[in-house]
1. Can you tell me which of (1) under 9 Å from the mean Cα position of the chain (by Cα); (2) modelled with pLDDT of 95 or more is the one residue 50 doesn't meet?
2. Do we find a residue being away from the ligand (no atom under 16 Å from the Cβ) and of a type in the set (D, E, K, R) anywhere in the range 56-73?
3. When you scan the range 14-27, do you find a residue that is modelled with pLDDT under 95, surrounded by 13 or more Cβ atoms within 10 Å (Cβ to Cβ), under 9 Å from the mean Cα position of the chain (by Cα) and in a strand (DSSP E or B), even just one?
4. Using beta carbons and a limit of 7 Å, which pairs, at least six apart or on different chains, have the first residue in the range 47-59 and under 12 Å from residue 34 (Cβ atoms) and the second one of a type outside the set (A, V, I, L, M, F, W, C) and crowded, with 16+ Cβ neighbours inside 10 Å?
5. Of all residues in the range 29-73, which are closer than 19 Å to residue 17 by Cα, part of a loop (DSSP other than H, G, I, E, B) and of a type in the set (Phe, Trp, Tyr)?
Amino acid sequence: MSNTFFADNSAVDLTELPVTRKMECKICWQVYDPAQGDEVWQIPPGTPFTQLPSHWSCPQCGAAKQDFLVIDD
Ligand SMILES: [Zn+2]
């Protein structure tokens with residue numbers, strides 16, 4: 001994932017993100033792709049990041065949802 005770059009998400013309102021927007025963990029670079037969901041948390045494909053349960057965290061390192069950054073692609 002070296003060829004991606006990030007928006008400054010300090011002022012991002014997640015509720016205004018496109019539902020297909022991928023998010024990336026700022027700690028381990030794990031990507032959450034709404035089109036794929038999350039097998040670890042049994043999140044079905046098509047689930048937007050904003051619809052993830054509040055207890056969801058990075059399946060790789062355990063970081064909280066707020067530690068994810070918008071991938072600006
Ligand atoms: Zn992580």
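1. Going through the list (1) under 9 Å from the mean Cα position of the chain (by Cα); (2) modelled with pLDDT of 95 or more, residue 50 breaks only (2).
2. Scanning the range 56-73 turns up at least one residue that is away from the ligand (no atom under 16 Å from the Cβ) and of a type in the set (D, E, K, R).
3. no
4. 47/34; 47/37; 48/34; 49/21; 49/32; 49/34; 52/65
5. 56 - this is the single residue of the range 29-73 that is closer than 19 Å to residue 17 by Cα, part of a loop (DSSP other than H, G, I, E, B) and of a type in the set (Phe, Trp, Tyr).
The values are calculated or read from the model by the stated rules, or taken from the named source; none is laboratory data. Model, not experiment: these values are computed from the prediction. Positions of Cβ are backbone-derived with ideal geometry, glycine not excepted, and every protein chain shown enters the neighbour counts.
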